[in-house]
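Report on one structure; see the data block that follows.
Taken together, the values in this text are just the output of simple stated rules run on the coordinates, not laboratory data. Worth saying up front: this structure is predicted, and the values here are computed from it rather than measured. Using ideal geometry, Cβ is built from the backbone for each residue, glycine included, and neighbour counts are taken over all protein chains shown.
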Amino acid sequence: MNHEAHRPGFPKLRLLDLRPYKDEEREGLLLIDRNGLFEDPVFVPAELLPILGALTGERDSREIAEDLGREMGYKVPVSLVEQVVEMLDSKLCLEGERAERASQERREAYLALDRRPALFPGTPGYPSDPARLREELDRILAEGAGVLGNGELRGLVAPHIDFARGREGYAAAYGRLFAEERLPELLLVFGTGHAGPSTLLVPSTKDYETPLGALATDEEFVKQTLEAFPELAAEEHLHEKEHSLEFQAVFLAHVFARHPSGAVPHCVFFLTGRLGEEPDEDPGVQGLLDFLEERVRASSKRTLLLAGADLSHVGPVFGDAEPVDQDRVARLEAADLADLEKARSLRLGDFVAGLQRAEAERRVCGTTPIYLLGRLAQRLAGEGELEGRVLRYGASHEPGGGQCVTWASLAYEAGNRR
């Protein structure tokens with residue numbers, strides 16, 4: 001990423017998620033690190049938030065204390081600012097040597113692993129015990145048994161919320177995959193990169209481990225990708241803490257083990273970064289799509305494109321001032337379904353533009369994987385031969401309105417039988 005160089009002695013907060021927090025005893029902000037340098041949220045009490053807000057890298061501790069003193073009308077001790085800075089730095093919340101060293105150690109440790117380990121067993125709906133996990137996934141697949149095909153499956157969008165909240169979406173998506181007579185030989189899997197990759201794609205060179213066995217990475221495909229675009233290798237460590245791809249890997253391992261075709265796939269796992277404006281006109285985006293199209297065609301393998309993508313994220317947990325009520329959920333559904341219609345009908349430029357305009361309000365995190373999947377599926381299918389279907393839409397609304405996350409399952413099919 002292109003960050004301005006940190007100046008020692010001028011404390012600067014790292015790019016973190018800030019979430020309001022209040023209970024019977026305390027009120028303030030939780031600092032949450034999507035990059036995973038620290039695991040547990042760091043609490044900053046309300047009385048220290050003025051200092052937190054001043055950590056922009058433009059002033060040293062003395063200047064911060066003096067400026068805050070003038071703003072608030074009373075003396076702010078330099079020692080207090082220094083204590084807050086030291087506390088945050090020790091917890092890896094600030095840019096600088098400590099965070100850089102921790103980040104480098106984490107990158108090196110991950111790259112030394114043979115496989116990308118499964119990190120999320122034990123989350124809701126995802127038992128760590130393989131036997132219990134198989135039983136749970138069997139039940140979910142059975143719930144999606146009525147989702148039949150209208151043509152050859154070329155692209156599939158599934159949720160990446162936890163299995164418990166996204167159960168119906170996973171059932172629809174993977175029920176549709178299980179309905180295929182022959183499973184794919186090659187899967188290109190696109191997942192939201194929640195840690196904010198600086199490149200559009202971040203391929204994994206490692207197999208993906210699951211409690212049900214590992215999914216093999218197509219080493220040659222990844223090698224050719226990195227030879228053509230060496231800059232995509234810089235942030236492979238972001239795969240370690242990302243759930244959007246692991247949840248797809250778990251379902252894929254189960255489906256391929258249970259399907260009567262007995263297929264054994266090869267996968268290419270991509271984390272996705274942020275699209276710019278008008279990606280259809282962006283030479284960098286289109287160049288990557290050109291390459292992927294060429295490599296899929298050259299492989300001659302039966303190929304499926306898969307995306308792990310959620311939709312809107314609203315409520316106080318995500319920084320909104322007000323709880324989410326049923327009226328807000330209804331408005332979200334209307335907006336989401338309008339956007340899904342654009343994605344379904346392959347008006348993907350309009351899909352991206354609309355979600356970028358609504359980013360501050362809805363925080364849709366599946367824009368890039370859905371766009372890339374839809375455009376690549378369209379290229380591979382040929383003009384006029386591909387059609388999308390929304391299989392399931394849902395909203396996971398927390399009691400009390402603390403948060404609401406929406407999701408959907410879509411299928412892109414060629415040669416639809418109607």
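Okay, here's what the table says:
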{"quantity": "Cα-projected label distance for Ala358 with Glu277, points at 7 Å along beta-carbon direction, nm", "calculated": "2.0 nm"}
{"quantity": "Alpha carbon centroid spacing (whole Å) that separates the range 139-165 from the range 352-411", "calculated": "15 Å"}
{"quantity": "DSSP-loop GluC sites (Glu not before Pro) across the range 57-125, with at most 13 other Cβ within 10 angstrom", "calculated": "Glu58"}
{"quantity": "Neighbour net charge for Ser128 - beta-carbon separation under 14 angstrom, K R +1, D E -1", "calculated": "-4"}
{"quantity": "Tail weight of P(r) past 21 Å, computed on alpha-carbon pairs of the range 265-418, percent", "calculated": "48 percent"}
{"quantity": "Sparse-neighbourhood loop sites, trypsin sites (Lys or Arg not before Pro) in the range 56-159 - DSSP loop, at most 14 other Cβ within 10 angstrom", "calculated": "Lys75"}
{"quantity": "Label zone at Arg19, where the point sits 7 Å out along the Cα-to-Cβ direction: the range 138-177 residues whose backbone N lies under 14 Å", "calculated": "162"}
{"quantity": "Contour excess over end-to-end distance, with Cα ends at Ala257 and Phe38 and 0.36 nm allotted per residue", "calculated": "75.3 nm"}
{"quantity": "Percent of beta bridges antiparallel (DSSP, the chain, rounded to nearest 5)", "calculated": "65 percent"}
{"quantity": "Pairwise centroid distance, computed over Cα atoms, of the range 243-283 with the range 176-219, Å", "calculated": "4 Å"}
{"quantity": "Packing rank of 338-344, 401-407, where each peptide gets the mean count of other beta carbons within 10 Å, highest leading", "calculated": "401-407, 338-344"}
{"quantity": "Share of Cα-Cα pairs in the range 62-106 lying beyond 16 Å, as whole percent", "calculated": "49 percent"}
{"quantity": "Extent along principal axes [Cα atoms of the range 17-107; Å; largest to smallest]", "calculated": "45, 34, 17"}
{"quantity": "Computed [θ] at 222 nm, helices only, for the chain once each DSSP H run of length n ≥ 4 contributes -39500 (n - 2.57)", "calculated": "-12000 deg cm²/dmol"}
{"quantity": "Ranked by how many other beta carbons lie within 10 Å on average, peptides 37-44, 22-29, 285-292 from highest", "calculated": "285-292, 37-44, 22-29"}
{"quantity": "Extended-chain gain in nm, criterion 0.36 nm per residue less alpha-carbon gap, Glu322 and Ala234", "calculated": "27.8 nm"}
{"quantity": "Förster-model FRET efficiency, 56 Å R0, Leu30 and Phe291, C-beta, rounded to 0.05", "calculated": "0.85"}
{"quantity": "Label point distance in nm, Ser300-Glu47, each placed 7 Å from Cα along Cα→Cβ", "calculated": "7.4 nm"}
{"quantity": "Summed residue charge, Cβ within 11 Å of Asp40's Cβ, Lys/Arg positive, Asp/Glu negative", "calculated": "-1"}
{"quantity": "Mean-position separation - Cα centroids, the range 296-328 and the range 47-120, in angstrom", "calculated": "30 Å"}
{"quantity": "Computed magnitude of the charge dipole of the chain (debye, nearest 20; Cβ of K, R +1, Cβ of D, E -1)", "calculated": "1020 debye"}
{"quantity": "Sequence of Phe318, Phe270, Phe163 once ranked by neighbouring C-beta atoms within 10 Å, starting from the fewest", "calculated": "Phe318, Phe163, Phe270"}
{"quantity": "Pairwise label distance in nanometres, Glu71 with Thr205, each label 7 Å out on the Cα-Cβ vector", "calculated": "4.5 nm"}
